[in-house]
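**Student:** Okay, here's the structure, questions in a sec.
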Amino acid sequence: MSPTEADYQRAVELLRAGELVAMPTETVYGLGADAANPAAVAKIFAAKGRPADHPLIVHLSGHDAVDRWAEQVPAVAWELMEAFWPGPLTVILKKQAWVPDAVTGGQDTVGLRVPGHPVALELLRRFAAATGEHAGIAAPSANRFGRISPTTAAHVAEELGDAVSMILDGGPCAVGIESTIVDCSRGEPVVLRPGHISPLHLEAILGRRPAIETAVGAPRVSGSLEAHYAPVTPLRMVAGERLLDFINAQRHRGGKCAVISANQPPQAGMPHAWRLMPADPVGYAHDIYAALRDMDHAGVDLIVVEAIPEDAAWAAVADRLRRAVAGAGQA
Ligand code: TXA
Ligand code: MG
């Protein structure tokens, strides 16, 4: 599971040569390239099939690198970075003039994150030692555009295959959904993407509840496009009390469905593809992408997801499921 010394050396060499290296983070696997090299960053967009105006997150080895990439960093951003880094938080800041447009999608801001995964941190430290002051690894989730984010090295291989020079295997991701994104470039912090670090966690540091602005269709955050994180198989959300009736009706019509439920274990006569999920939002988030991916391979016509609680604690999972429903069923 742990990369060897030779693996790290090769990964650093590939990054320095402008090639792509997939790396584990605590959230999802990232498709990494030298963030200071626009030609290398262009390869990320080609491999993912992602529109070039979508900005990427730059991963750094530590807080000390922030000032090389960002300027006018407000005190509130430092407080968040101190509290949550290394960890699943991305902070949007005013960029330094030199930061390539390829990374920022031409915006005057840059997204920065110090990931909380030992393999990512080791790679980032070695890359920084070899590269100097402009060391950063640009990395979106290592999936094809719009598809389910990978939480294991095998998922990355399945998504991108030969398009990536090397995949560092760091085991399954601990968090399982993408980082919380907080925009600190406009004064008051604004949450652009919900994640494992919840508004309550942020409030504990900020002393007030941050605004949330995950506007549907907004181009600024690609995860905020309506359709995202999606299986190829159509996906439906069904309320818990209607779940069994819905499945039975499907079966009577000859439809094959797969079920993802946090409350209802499979019973005799139920579809064979049935995933009983953890009933808490953290456990559910950890498993959801792998569950969607498995069910997408189950040879069914429909994936049925039991609706989750409409509770603030479930906001990040709800966000991913809503977009998965919107994007599902498109080959
Ligand atoms: O957990 C994560 O954040 C993972 C791991 C690999 O770090 N990365 C990830 O990257 O989810 P990606 O590209 O799939 O999503 C990054 C999001 C995009 O929605 C992008 O638009 C947004 O971050 N973003 C990056 N830079 C931004 C900026 N300057 N302003 C606004 N949004 C930005
Ligand atoms: Mg993504």
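**Student:** Under the rule of at least 5 residues apart or a separate chain, name every residue whose amide H is placed under 5 Å from the amide H of Thr109.
**Tutor:** Lys95
**Student:** Return the ratio Rg/(2.2 N^0.38 Å) for the chain, where Rg is computed over Cα atoms only.
**Tutor:** 1.00
**Student:** Further question on the same structure: What is the projected area of the convex hull of the Cα atoms of region 37-141, averaged over all directions, in nm²?
**Tutor:** 6.3
**Student:** Could I ask something else about it? What's the center-to-center distance, using Cα atoms, between region 66-119 and region 287-307 in Å?
**Tutor:** Here the answer is 34 Å between Cα centres.
**Student:** Springs between alpha-carbon atoms under 10 Å, Gaussian network over the chain: tell me which of Ala33, Ala47, Ala22 tops the mean-square fluctuations.
**Tutor:** Judging by the Gaussian network model, the answer is Ala47.
**Student:** Let me ask something else about it. Can you compute the radius of gyration and Dmax for region 1-86, using only the Cα atoms, both in Å?
**Tutor:** For region 1-86, the Cα-based Rg and Dmax read 14.7, 40 Å.
**Student:** With loop defined by DSSP as not H, G, I, E or B, and exposure as at most 10 other Cβ atoms within 10 Å, which is the longest segment of the chain clear of exposed trypsin sites (Lys or Arg not before Pro)? The partial results should precede the final answer.
**Tutor:** On the way: sites that count: Arg208, Arg253.
Between the exposed loop sites, the longest stretch runs 1-207.
**Student:** Between Glu71 and Val232, what is the spin-label point distance in nm, taking each point 7 Å from the Cα along the Cα→C-beta axis?
**Tutor:** 4.8
**Student:** Grab every C-alpha pair in region 235-327, bin the distances at 10 angstrom width from 0 up to the longest one, and report whole percents.
**Tutor:** 17, 54, 27, 3
**Student:** With springs only between Cα atoms under 10 Å, which of Asp296, Asp53, Asp311 fluctuates most in a Gaussian network model of the chain?
**Tutor:** Residue with maximal mean-square fluctuation among Asp296, Asp53, Asp311: Asp311.
**Student:** Lysines near Lys94 by alpha-carbon distance under 25 Å, same-chain residues fewer than 8 away left out - which ones?
**Tutor:** Lys43
Computed from the coordinates by the stated procedures, all read-outs in this text should not be read as laboratory data. Computed from a predicted model, the values in this text were never measured in an experiment. All Cβ positions, even for glycine, are placed from backbone atoms using ideal geometry, and neighbour counts span all protein chains on display.
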